[in-house]
(Lines give C-alpha, C1' and ligand atoms only; values in the text may rest on other atoms or scores of the structure.)
Protein backbone atom coordinates (compact mmCIF):
# COMPACT_ATOMS: atom_id res chain seq x y z
CA UNK A 1 0.00 0.00 0.00
CA UNK A 2 1.10 3.59 -0.56
CA UNK A 3 2.72 5.45 2.33
CA UNK A 4 0.73 8.69 2.11
CA UNK A 5 -3.01 9.01 1.72
CA UNK A 6 -4.15 11.03 -1.28
CA UNK A 7 -7.46 12.64 -0.40
CA UNK A 8 -10.01 13.53 -3.07
CA UNK A 9 -11.45 16.78 -1.81
CA UNK A 10 -13.84 17.39 -4.71
CA UNK A 11 -14.72 16.47 -8.29
CA UNK A 12 -16.56 18.64 -10.81
CA UNK A 13 -17.36 18.61 -14.52
CA UNK A 14 -18.43 20.88 -17.38
CA UNK A 15 -20.33 20.30 -20.63
CA UNK A 16 -20.77 22.72 -23.56
CA UNK A 17 -24.13 23.83 -24.87
CA UNK A 18 -27.37 21.83 -24.96
CA UNK A 19 -27.50 18.07 -25.35
CA UNK A 20 -27.89 16.76 -28.92
CA UNK A 21 -30.11 13.69 -29.20
CA UNK A 22 -29.97 11.11 -31.96
CA UNK A 23 -32.99 12.44 -33.85
CA UNK A 24 -31.48 15.93 -33.99
CA UNK A 25 -28.13 14.58 -35.12
CA UNK A 26 -29.62 12.40 -37.85
CA UNK A 27 -31.80 15.22 -39.17
CA UNK A 28 -28.98 17.78 -39.11
CA UNK A 29 -26.66 15.63 -41.25
CA UNK A 30 -29.28 14.32 -43.64
CA UNK A 31 -29.24 10.74 -42.43
CA UNK A 32 -32.12 8.36 -43.13
CA UNK A 33 -34.64 7.66 -40.37
CA UNK A 34 -33.20 4.17 -39.90
CA UNK A 35 -29.89 5.73 -38.81
CA UNK A 36 -31.44 6.99 -35.59
CA UNK A 37 -32.71 3.50 -34.79
CA UNK A 38 -29.31 2.04 -35.64
CA UNK A 39 -27.64 4.36 -33.11
CA UNK A 40 -30.10 3.31 -30.40
CA UNK A 41 -29.73 -0.41 -31.06
CA UNK A 42 -26.05 -0.83 -31.88
CA UNK A 43 -24.33 2.15 -30.24
CA UNK A 44 -26.59 2.86 -27.29
CA UNK A 45 -25.60 6.51 -26.88
CA UNK A 46 -28.65 8.75 -26.53
CA UNK A 47 -27.11 12.20 -26.10
CA UNK A 48 -23.88 14.15 -26.49
CA UNK A 49 -22.72 17.75 -26.15
CA UNK A 50 -20.64 19.55 -28.79
CA UNK A 51 -18.30 22.50 -28.39
CA UNK A 52 -19.39 23.82 -31.79
CA UNK A 53 -22.76 25.10 -32.96
CA UNK A 54 -24.07 22.52 -35.44
CA UNK A 55 -26.02 25.12 -37.39
CA UNK A 56 -23.25 27.69 -37.87
CA UNK A 57 -20.03 25.82 -37.18
CA UNK A 58 -19.04 28.50 -34.66
CA UNK A 59 -16.92 27.36 -31.73
CA UNK A 60 -19.05 27.53 -28.60
CA UNK A 61 -16.38 26.49 -26.11
CA UNK A 62 -12.66 25.77 -26.28
CA UNK A 63 -11.10 22.98 -24.24
CA UNK A 64 -9.53 25.65 -22.04
CA UNK A 65 -13.00 27.14 -21.42
CA UNK A 66 -14.41 23.80 -20.27
CA UNK A 67 -11.35 22.78 -18.26
CA UNK A 68 -11.21 26.11 -16.46
CA UNK A 69 -14.93 25.86 -15.67
CA UNK A 70 -14.55 22.34 -14.26
CA UNK A 71 -11.43 23.34 -12.33
CA UNK A 72 -13.09 26.39 -10.79
CA UNK A 73 -16.11 24.29 -9.76
CA UNK A 74 -13.88 21.63 -8.20
CA UNK A 75 -11.91 24.19 -6.20
CA UNK A 76 -15.10 25.86 -4.99
CA UNK A 77 -16.56 22.49 -3.95
CA UNK A 78 -13.32 21.72 -2.09
CA UNK A 79 -13.47 25.04 -0.25
CA UNK A 80 -10.10 26.08 -1.68
CA UNK A 81 -8.77 29.09 -3.56
CA UNK A 82 -6.72 28.94 -6.76
CA UNK A 83 -3.79 30.21 -4.68
CA UNK A 84 -3.91 26.96 -2.67
CA UNK A 85 -3.01 24.90 -5.76
CA UNK A 86 0.68 24.10 -6.22
CA UNK A 87 0.39 21.47 -8.98
CA UNK A 88 -1.79 21.01 -12.09
CA UNK A 89 -1.77 17.86 -14.19
CA UNK A 90 -3.99 17.79 -17.28
CA UNK A 91 -4.73 14.97 -19.72
CA UNK A 92 -6.21 15.41 -23.19
CA UNK A 93 -6.07 13.94 -26.67
CA UNK A 94 -7.31 17.15 -28.26
CA UNK A 95 -5.51 20.24 -26.93
CA UNK A 96 -6.59 23.62 -28.25
CA UNK A 97 -3.14 24.11 -29.80
CA UNK A 98 0.17 22.32 -29.92
CA UNK A 99 1.60 25.33 -28.08
CA UNK A 100 0.96 26.90 -25.68
CA UNK A 101 -0.07 23.81 -23.73
CA UNK A 102 -3.74 24.02 -22.80
CA UNK A 103 -2.93 23.32 -19.14
CA UNK A 104 -1.07 26.63 -18.95
CA UNK A 105 -3.94 28.51 -20.55
CA UNK A 106 -6.24 26.95 -17.95
CA UNK A 107 -3.90 27.98 -15.12
CA UNK A 108 -3.94 31.53 -16.45
CA UNK A 109 -7.75 31.53 -16.62
CA UNK A 110 -7.88 30.42 -12.98
CA UNK A 111 -5.36 33.05 -11.88
CA UNK A 112 -2.70 30.48 -10.99
CA UNK A 113 1.01 31.14 -11.51
CA UNK A 114 4.45 30.01 -10.29
CA UNK A 115 3.50 26.37 -9.84
CA UNK A 116 4.33 23.06 -11.55
CA UNK A 117 2.14 22.23 -14.56
CA UNK A 118 2.09 19.09 -16.70
CA UNK A 119 0.09 18.16 -19.77
CA UNK A 120 -0.26 14.53 -20.85
CA UNK A 121 -1.16 13.72 -24.45
CA UNK A 122 -3.29 10.59 -24.29
CA UNK A 123 -6.69 9.12 -25.08
CA UNK A 124 -9.15 7.40 -22.77
CA UNK A 125 -6.54 6.37 -20.19
CA UNK A 126 -5.16 9.88 -19.89
CA UNK A 127 -7.32 10.76 -16.88
CA UNK A 128 -5.92 7.79 -14.95
CA UNK A 129 -2.41 8.76 -16.06
CA UNK A 130 -3.01 12.26 -14.70
CA UNK A 131 -4.31 10.90 -11.38
CA UNK A 132 -1.30 8.60 -11.12
CA UNK A 133 1.24 11.32 -11.92
CA UNK A 134 -0.38 13.80 -9.53
CA UNK A 135 -0.53 11.22 -6.72
CA UNK A 136 3.13 10.31 -7.16
CA UNK A 137 4.19 13.95 -7.16
CA UNK A 138 2.11 14.67 -4.08
CA UNK A 139 3.70 11.75 -2.25
CA UNK A 140 7.10 13.16 -3.16
CA UNK A 141 6.52 15.93 -0.63
CA UNK A 142 7.10 19.00 -2.82
CA UNK A 143 3.40 19.59 -3.43
CA UNK A 144 0.33 19.43 -1.21
CA UNK A 145 -2.66 20.39 -3.39
CA UNK A 146 -3.08 19.19 -6.99
CA UNK A 147 -5.73 20.11 -9.53
CA UNK A 148 -6.11 17.16 -11.89
CA UNK A 149 -7.97 17.82 -15.15
CA UNK A 150 -9.14 15.66 -18.02
CA UNK A 151 -11.01 16.84 -21.07
CA UNK A 152 -11.51 16.65 -24.81
CA UNK A 153 -13.23 18.66 -27.53
CA UNK A 154 -13.43 16.19 -30.39
CA UNK A 155 -15.99 18.33 -32.21
CA UNK A 156 -13.07 20.36 -33.57
CA UNK A 157 -12.82 17.53 -36.14
CA UNK A 158 -16.52 17.77 -37.05
CA UNK A 159 -17.32 19.33 -40.42
CA UNK A 160 -20.83 20.74 -40.06
CA UNK A 161 -21.12 21.26 -43.84
CA UNK A 162 -20.64 17.59 -44.71
CA UNK A 163 -23.33 15.35 -46.20
CA UNK A 164 -23.50 12.67 -43.51
CA UNK A 165 -25.16 10.12 -45.76
CA UNK A 166 -22.18 10.27 -48.13
CA UNK A 167 -19.61 9.47 -45.47
CA UNK A 168 -18.22 5.94 -45.04
CA UNK A 169 -19.63 4.11 -41.98
CA UNK A 170 -16.34 4.46 -40.04
CA UNK A 171 -16.69 8.26 -40.19
CA UNK A 172 -20.44 8.27 -39.55
CA UNK A 173 -20.05 6.44 -36.27
CA UNK A 174 -17.45 8.88 -34.96
CA UNK A 175 -20.06 11.60 -35.16
CA UNK A 176 -22.41 9.76 -32.82
CA UNK A 177 -19.92 8.19 -30.41
CA UNK A 178 -18.08 11.23 -29.16
CA UNK A 179 -19.01 14.31 -27.18
CA UNK A 180 -17.10 17.17 -25.60
CA UNK A 181 -16.51 17.94 -21.95
CA UNK A 182 -14.04 18.37 -19.11
CA UNK A 183 -13.67 17.22 -15.53
CA UNK A 184 -11.44 18.06 -12.60
CA UNK A 185 -10.51 16.67 -9.20
CA UNK A 186 -8.76 18.30 -6.26
CA UNK A 187 -6.24 15.95 -4.64
CA UNK A 188 -4.36 16.73 -1.46
CA UNK A 189 -2.10 15.14 1.14
CA UNK A 190 -3.64 17.33 3.82
CA UNK A 191 -5.75 15.33 6.30
CA UNK A 192 -9.42 15.40 5.34
CA UNK A 193 -11.51 13.18 7.66
CA UNK A 194 -14.22 11.24 5.86
CA UNK A 195 -12.96 12.17 2.39
CA UNK A 196 -12.52 9.48 -0.24
CA UNK A 197 -8.93 8.35 -0.72
CA UNK A 198 -7.22 7.45 -3.99
CA UNK A 199 -5.78 4.10 -2.94
CA UNK A 200 -3.99 3.11 -6.11
CA UNK A 201 -3.63 3.80 -9.82
CA UNK A 202 -1.66 2.14 -12.57
CA UNK A 203 -1.16 2.51 -16.31
CA UNK A 204 0.29 -0.21 -18.55
CA UNK A 205 1.15 -0.14 -22.24
CA UNK A 206 -0.05 -3.33 -23.93
CA UNK A 207 0.51 -2.54 -27.61
CA UNK A 208 3.85 -4.10 -28.51
CA UNK A 209 3.67 -5.27 -32.13
CA UNK A 210 -0.02 -4.37 -32.46
CA UNK A 211 -1.51 -1.98 -35.00
CA UNK A 212 -3.25 1.05 -33.48
CA UNK A 213 -6.97 0.68 -32.91
CA UNK A 214 -7.50 4.43 -33.28
CA UNK A 215 -5.58 7.12 -35.15
CA UNK A 216 -6.15 10.87 -34.86
CA UNK A 217 -4.07 12.83 -37.37
CA UNK A 218 -2.84 16.28 -36.51
CA UNK A 219 -0.96 17.61 -39.50
CA UNK A 220 0.41 20.97 -40.52
CA UNK A 221 0.05 22.69 -43.88
CA UNK A 222 2.83 20.63 -45.44
CA UNK A 223 0.60 17.54 -45.22
CA UNK A 224 -2.78 19.13 -45.79
CA UNK A 225 -3.44 17.38 -49.11
CA UNK A 226 -2.85 13.77 -48.07
CA UNK A 227 -6.55 12.93 -48.20
CA UNK A 228 -6.31 10.85 -45.03
CA UNK A 229 -9.24 11.03 -42.61
CA UNK A 230 -8.59 12.99 -39.42
CA UNK A 231 -10.00 10.23 -37.22
CA UNK A 232 -10.11 6.50 -38.01
CA UNK A 233 -10.88 3.49 -35.84
CA UNK A 234 -10.69 -0.28 -36.14
CA UNK A 235 -13.99 -1.09 -34.44
CA UNK A 236 -13.62 -4.83 -34.80
CA UNK A 237 -10.28 -4.76 -33.01
CA UNK A 238 -11.73 -2.49 -30.32
CA UNK A 239 -14.76 -4.71 -29.82
CA UNK A 240 -12.57 -7.80 -29.49
CA UNK A 241 -9.74 -6.38 -27.39
CA UNK A 242 -11.19 -3.83 -24.99
CA UNK A 243 -13.29 -6.24 -22.86
CA UNK A 244 -10.27 -8.54 -22.47
CA UNK A 245 -7.93 -5.69 -21.52
CA UNK A 246 -10.51 -4.29 -19.10
CA UNK A 247 -10.80 -7.63 -17.29
CA UNK A 248 -7.00 -7.86 -17.08
CA UNK A 249 -6.79 -4.33 -15.69
CA UNK A 250 -9.39 -4.97 -12.99
CA UNK A 251 -7.72 -8.24 -11.98
CA UNK A 252 -4.34 -6.53 -11.64
CA UNK A 253 -5.82 -3.66 -9.62
CA UNK A 254 -7.47 -6.01 -7.15
CA UNK A 255 -4.35 -8.17 -6.88
CA UNK A 256 -2.11 -5.20 -6.13
CA UNK A 257 -4.53 -3.93 -3.47
CA UNK A 258 -5.25 -7.42 -2.10
CA UNK A 259 -8.96 -6.72 -2.51
CA UNK A 260 -11.43 -9.50 -3.22
CA UNK A 261 -13.85 -9.16 -6.14
CA UNK A 262 -16.72 -9.25 -3.64
CA UNK A 263 -15.28 -6.23 -1.79
CA UNK A 264 -15.83 -3.82 -4.67
CA UNK A 265 -18.95 -1.74 -3.96
CA UNK A 266 -18.88 0.47 -7.07
CA UNK A 267 -17.57 -0.35 -10.54
CA UNK A 268 -16.65 2.46 -12.94
CA UNK A 269 -16.12 0.61 -16.26
CA UNK A 270 -14.69 1.95 -19.54
CA UNK A 271 -17.12 4.31 -21.29
CA UNK A 272 -16.77 3.71 -25.03
CA UNK A 273 -20.49 3.74 -25.85
CA UNK A 274 -23.66 2.49 -24.21
CA UNK A 275 -23.58 -0.94 -25.88
CA UNK A 276 -19.80 -1.42 -25.64
CA UNK A 277 -19.87 -0.58 -21.94
CA UNK A 278 -22.54 -3.24 -21.43
CA UNK A 279 -20.32 -5.84 -23.14
CA UNK A 280 -17.25 -4.79 -21.17
CA UNK A 281 -19.03 -4.79 -17.82
CA UNK A 282 -20.31 -8.32 -18.46
CA UNK A 283 -16.66 -9.45 -18.56
CA UNK A 284 -15.64 -7.76 -15.32
CA UNK A 285 -15.64 -9.85 -12.17
CA UNK A 286 -17.20 -7.64 -9.51
CA UNK A 287 -20.38 -9.53 -8.60
CA UNK A 288 -21.74 -7.20 -5.93
CA UNK A 289 -20.62 -3.87 -7.36
CA UNK A 290 -23.03 -1.19 -8.50
CA UNK A 291 -22.15 0.08 -11.97
CA UNK A 292 -21.56 3.79 -12.46
CA UNK A 293 -21.87 4.70 -16.14
CA UNK A 294 -22.88 7.88 -17.95
CA UNK A 295 -21.66 7.52 -21.55
CA UNK A 296 -25.16 6.89 -22.91
CA UNK A 297 -26.23 10.33 -21.69
CA UNK A 298 -23.19 12.49 -22.54
CA UNK A 299 -21.31 10.54 -25.23
CA UNK A 300 -17.69 9.48 -25.10
CA UNK A 301 -15.93 12.56 -23.72
CA UNK A 302 -12.54 10.87 -23.61
CA UNK A 303 -10.39 12.11 -20.77
CA UNK A 304 -13.32 13.77 -19.04
CA UNK A 305 -15.34 10.59 -18.50
CA UNK A 306 -13.67 9.21 -15.34
CA UNK A 307 -14.38 12.53 -13.65
CA UNK A 308 -18.05 12.36 -14.64
CA UNK A 309 -18.17 8.84 -13.17
CA UNK A 310 -16.43 9.93 -9.96
CA UNK A 311 -18.79 12.89 -9.66
CA UNK A 312 -21.69 10.42 -9.67
CA UNK A 313 -20.07 7.76 -7.50
CA UNK A 314 -18.49 9.69 -4.62
CA UNK A 315 -21.72 11.09 -3.12
CA UNK A 316 -23.17 7.55 -3.08
CA UNK A 317 -20.24 5.99 -1.23
CA UNK A 318 -20.71 5.37 2.47
CA UNK A 319 -17.86 5.04 4.94
CA UNK A 320 -15.78 1.97 4.08
CA UNK A 321 -17.12 1.66 0.53
CA UNK A 322 -14.69 0.82 -2.25
CA UNK A 323 -14.79 1.78 -5.93
CA UNK A 324 -12.75 0.42 -8.83
CA UNK A 325 -12.38 2.32 -12.10
CA UNK A 326 -11.04 0.95 -15.37
CA UNK A 327 -10.05 2.76 -18.56
CA UNK A 328 -8.78 1.32 -21.85
CA UNK A 329 -7.16 3.24 -24.69
CA UNK A 330 -7.23 1.69 -28.14
CA UNK A 331 -4.84 4.09 -29.89
CA UNK A 332 -1.82 1.96 -29.03
CA UNK A 333 -3.56 -0.30 -26.49
CA UNK A 334 -3.16 0.96 -22.94
CA UNK A 335 -4.92 -0.44 -19.89
CA UNK A 336 -5.34 1.51 -16.68
CA UNK A 337 -7.22 1.27 -13.42
CA UNK A 338 -7.62 3.12 -10.15
CA UNK A 339 -9.20 2.49 -6.76
CA UNK A 340 -11.01 4.83 -4.37
CA UNK A 341 -12.06 4.10 -0.79
CA UNK A 342 -14.25 6.21 1.47
CA UNK A 343 -12.55 6.53 4.84
CA UNK A 344 -14.24 5.27 7.98
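The values are calculated or read from the model by the stated rules, or taken from the named source; none is laboratory data. Just so we're clear, the structure is a prediction, and the values are computed from it rather than from any experiment. Positions of Cβ are generated from backbone atoms using ideal geometry, with glycine treated the same way; all protein chains shown enter the neighbour counts.
Here are 319, 323: which of them is in contact with a strand residue (DSSP E or B) (Cβ under 6 Å, 6 or more places away or on another chain), surrounded by 20 or more Cβ atoms within 10 Å (Cβ to Cβ) and not assigned by TED's automatic domain parsing to the domain that holds residue 67?
Testing whether each residue is in contact with a strand residue (DSSP E or B) (Cβ under 6 Å, 6 or more places away or on another chain), surrounded by 20 or more Cβ atoms within 10 Å (Cβ to Cβ) and not assigned by TED's automatic domain parsing to the domain that holds residue 67 leaves just 323.
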Across the range 211-234, the tally of residues that are in a loop (DSSP other than H, G, I, E, B), more than 16 Å from residue 168 (Cα to Cα), out of contact with any strand residue (DSSP E or B) (no Cβ under 8 Å at 6 or more places or on another chain) and modelled with pLDDT under 80 stands at 6
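Please list, ordered by residue number, the helices (runs of 4 or more DSSP H) wholly in the range 8-81 having 3 or more residues that are under 30 Å from residue 187 (Cα atoms) and modelled with pLDDT of 95 or more. Quick ask: steps written out before the conclusion?
Working: elements: 22-28, 33-38, 63-78.
Output list reads 63-78.
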Condition check for residue 119: in contact with a strand residue (DSSP E or B) (Cβ under 7 Å, 6 or more places away or on another chain) and without any contact (Cβ under 8 Å) to a residue 60 or more places away in the chain: yes
Expected single match for assigned to a loop (DSSP other than H, G, I, E, B) and either buried (at least 23 other Cβ atoms within 10 Å of the Cβ) or touching a residue at least 12 places away in the same chain (Cβ under 8 Å) (or both) among 100, 95 is 95
Those residues of the range 82-92 that are in a helix (DSSP H, G or I) and in contact with a helix residue (DSSP H, G or I) (Cβ under 9 Å, 6 or more places away or on another chain) come to a total of 2
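Quick check on my filter: what residues within the range 243-256 are more than 15 Å from residue 128 (Cβ to Cβ) and touching a residue at least 40 places away in the same chain (Cβ under 8 Å)?
Taking the range 243-256 and keeping what is more than 15 Å from residue 128 (Cβ to Cβ), we get 243-244, 247, 251, 254-255.
Result: 243, 254.
Is it fair to say residue 297 is under 19 Å from residue 43 (Cα atoms), out of contact with any helix residue (DSSP H, G or I) (no Cβ under 7 Å at 6 or more places or on another chain) and surrounded by fewer than 17 Cβ atoms within 10 Å (Cβ to Cβ)? Spell out the reasoning first.
Numbers: under 19 Å from residue 43 (Cα atoms): yes; out of contact with any helix residue (DSSP H, G or I) (no Cβ under 7 Å at 6 or more places or on another chain): yes; surrounded by fewer than 17 Cβ atoms within 10 Å (Cβ to Cβ): yes.
Spelling it out, residue 297 is indeed under 19 Å from residue 43 (Cα atoms), out of contact with any helix residue (DSSP H, G or I) (no Cβ under 7 Å at 6 or more places or on another chain) and surrounded by fewer than 17 Cβ atoms within 10 Å (Cβ to Cβ).
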The condition from (1) surrounded by 22 or more Cβ atoms within 10 Å (Cβ to Cβ); (2) in a loop (DSSP other than H, G, I, E, B); (3) modelled with pLDDT of 95 or more that residue 272 misses is numbered (3)
Note: among 141, 123, just one is closer than 26 Å to residue 332 by Cα and either in contact with a helix residue (DSSP H, G or I) (Cβ under 9 Å, 6 or more places away or on another chain) or not in a helix (DSSP H, G or I) (or both), namely 123
A careful count of residues in the range 173-222 that are buried (at least 18 other Cβ atoms within 10 Å of the Cβ) and closer than 30 Å to residue 36 by Cβ gives 13
